[in-house]
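The values are calculated or read from the model by the stated rules, or taken from the named source; none is laboratory data. In this text the structure is predicted, and so the values were computed from the model without any measurement. Virtual Cβ from ideal backbone geometry, glycine too; neighbours counted across all protein chains shown.
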Amino acid sequence: MLRNEVLKTIKKYNLISKGDKIVIGVSGGPDSICLLHVLDSLKEELGIELYVAHVNHMIRQVADDETKYVQNFCKKLGIECFIKKEDITKLAKEQKKGTEEVREKCKI
C-alpha cells in the first residue's frame, strides 16, 4: 500500500520529525493531491501539522477551477490552505521575459 511505503521511507531517511509543520505545494493535479492525501492520513501517527500552498498562475483556462478544487479538498481535510493568484502572462509581457522565468520567481 502506498501509505505504508511512504511511512517506511519517511522513517528510513528521518524525513519528518514529531512536531514538524509541513507546507505542501499543491497544484490540484493527481500527484500533489495524492501526496496531500497520504500525508494527511499519516499526520496523527507522525505528530505533524500540514499546510497547503497553491499558486494560480492564471495561464490555463482551468486554473480557477483547480484553485477551487484545492481549496475544497483542503477544507474537507481541515487543512489550512494559502492561495496566491498571479497573472503570469501579464507579468511576463510587462517584464519582457518568458512565462517560465516569471513563474519561477512567483513565490507565496
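With respect to the conditions (1) within 30 Å of residue 5 (Cβ to Cβ); (2) part of a helix (DSSP H, G or I); (3) not hydroxyl-bearing (Ser, Thr, Tyr), residue 82 lacks only one, and its number is (2). Taking residues in the stretch 42-62 that are of a type in the set (D, E, K, R), and partners anywhere that are at pLDDT 95 or above and crowded, with 16+ Cβ neighbours inside 10 Å, the pairs with Cβ atoms closer than 6 Å and at least 6 places apart or on different chains are 43/50. The residue pairs whose first member lies in the stretch 73-94 and is closer than 13 Å to residue 51 by Cα, whose second member is surrounded by fewer than 16 Cβ atoms within 10 Å (Cβ to Cβ) and of a type in the set (Ser, Thr, Tyr), and whose beta carbons are closer than 8 Å, counting only pairs six or more residues apart or on different chains, are 79/51; 80/51; 81/51; 82/51.
Somewhere in the stretch 86-108, is a residue under 12 Å from the mean Cα position of the chain (by Cα), at pLDDT below 90 and at negative phi? Yes, there is a match, as at least one residue in the stretch 86-108 is under 12 Å from the mean Cα position of the chain (by Cα), at pLDDT below 90 and at negative phi.
Please enumerate the residues belonging to the stretch 17-47 that are surrounded by fewer than 18 Cβ atoms within 10 Å (Cβ to Cβ), out of contact with any Lys or Arg (no Cβ under 7 Å at 6 or more places or on another chain) and part of a loop (DSSP other than H, G, I, E, B). 17, 18, 19, 20, 27, 29 - these are the residues of the stretch 17-47 that are surrounded by fewer than 18 Cβ atoms within 10 Å (Cβ to Cβ), out of contact with any Lys or Arg (no Cβ under 7 Å at 6 or more places or on another chain) and part of a loop (DSSP other than H, G, I, E, B). Taken over the stretch 48-66, the criterion of being at pLDDT below 95, out of contact with any helix residue (DSSP H, G or I) (no Cβ under 6 Å at 6 or more places or on another chain) and surrounded by 14 or more Cβ atoms within 10 Å (Cβ to Cβ) is satisfied by 55, 58, 63.
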